[in-house]
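Encoded as structure tokens, here's the structure I'll be asking about.
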Amino acid sequence: MSPQRPIYLDCNATTPVDTQVLAAMLPFFTDYFGNPSSLNHAYGWEAEAGVKRAREIVAAAINADPVEIVFTSGATEANNLAIKGVAEAYMAGGKHIITVQTEHSAVLDPCRYLESLGFSVTYLPVGADGLISLSQLAQAFRPDTILVSVMAANNEIGVLQPISEIGQMCRDRQVIFHTDAAQALGKVPLDVQAMKIDLLSMTAHKLYGPKGIGALYVRRRNPRVQVAPQLHGGGQERGLRSGTLYTPQIVGLGEAVKLAVEERADMAEKLGGLRDRLWHHLSGLSGIYLNGHPTQRLPNNLNVSIEGINGADLLSQLRSEVALSSGSACSSANPAPSHVIKALGRSDQLARATLRFGLGRSTSAAEIDQVGKAVSEGVRSLRS
Ligand SMILES: *Cc1c(COP(=O)(O)O)cnc(C)c1O
């Protein structure tokens, strides 16, 4: 690795694998390499023991039962399985889905795909603070609504939607409720019973676990949720997700979730303080706007739009000092304005001049002070 790399503040995009997570994974590549479905010999049992332990940890983290956890390749696959799987299983009872304009593309694109198959989808707007309106949600339900999908925490602006209230509204109407919790898990408390969540997507690489592994929680009782499999084959994961289980990655997901849950409260306090410190540095600039609700947001996320600058110019100016992204996933020379920032009612110009700061475990106050100074100076020099 090069000695002088920029400060990493892109933890809403991905995080490094924790060394403790890696240590837990390694024996499952070499020693415990058996197929966890091979239950006729010790090699299979060893691998299965690792998978079982991870399944228990992941289930406990969200107050679920281990049999309700389906391992997937990440949150994209979990969202696809939840949305397309429910659509297919329940289409005889209705073909209407409700979601939100600010969802991740891994929710929006499956919904658009279903529209092409004849489903109808309501994309709820958000207010200027990024929150949906519960009365607008109430009005959106139709007799043929089968699914509501609302993310727990937004990946660009960190906004936390009122998941408990949405869960109750869905339960009252006997509509299935899915939440994409890729950003929320390990950052804010999640309880599928108390919040009346029927399906929940997660991914390891946003919480110091490996890339390429995640899970979908599928409620088995009160009500028993049906999901049509999207991958057919050996019948692993109770038939919901065929394919030989990726044992080392599953063990890594379990270990990462365990650590994230253990340190959640302390980390939220630390990162929330550093995030506020960063905003304190930046809010001295004129024409800077905080995107998303000021308090109902992830502790590790700050997202701002800055008037009168070109976002791509600012990012390239800062590149050697800090690793950041703009609001949108695309960070080409002329990025398309983010659909999330646009949904807040910001102009195209402001949506293009957006910076997303994703703080992580190792972020220090000294780094925040350095970044605050670098961004302020960068803005001033681009404006002059
Ligand atoms: C990262 C992310 C995803 C995609 O997760 P992968 O595991 O990379 O497929 C989906 N939804 C949200 C909210 C995310 O932050």
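Among LEU160, LEU137, LEU147, which is the only one that is under 22 Å from THR295 (Cβ atoms), hydrophobic (A, V, I, L, M, F, W, C) and either more than 16 Å from the ligand (Cβ to nearest atom) or at pLDDT below 95 (or both)?
After applying the criteria, what remains is LEU137.
Now for a different question. Contact list please: Cβ distance under 7 Å, first residue in segment 251-279 and of a type in the set (D, E, K, R), second residue part of a helix (DSSP H, G or I), pairs at least six apart or on different chains.
So the pair list comes out as GLU255/GLN20; GLU255/VAL21; GLU255/ALA24; LYS258/ILE57; ARG277/ALA365; ARG277/ILE368.
Any residue at all in segment 120-131 that's under 22 Å from GLU77 (Cα atoms) and of a type in the set (Gly, Ala, Ser)?
Yes, that holds for at least one residue.
Also, quick follow-up: Looking at PRO16, PRO27, PRO6, which one is surrounded by fewer than 18 Cβ atoms within 10 Å (Cβ to Cβ), at pLDDT 95 or above and within 16 Å of the ligand (Cβ to nearest atom)? I'd like the intermediate steps shown before the answer.
Values: PRO27 fails: within 16 Å of the ligand (Cβ to nearest atom); PRO6 fails: within 16 Å of the ligand (Cβ to nearest atom).
One residue alone meets the criteria, PRO16.
Does at least one position in segment 111-121 carry a residue that is away from the ligand (no atom under 12 Å from the Cβ) and either on the phi > 0 side of the Ramachandran plot or not assigned by TED's automatic domain parsing to the domain that holds ARG238 (or both)?
yes
The values are calculated or read from the model by the stated rules, or taken from the named source; none is laboratory data. It should be emphasised that the depicted structure is a prediction, and the values quoted were computed from it without experimental measurement. Reconstructed Cβ throughout: ideal geometry from the backbone, glycine too, with neighbour counts over all protein chains shown.
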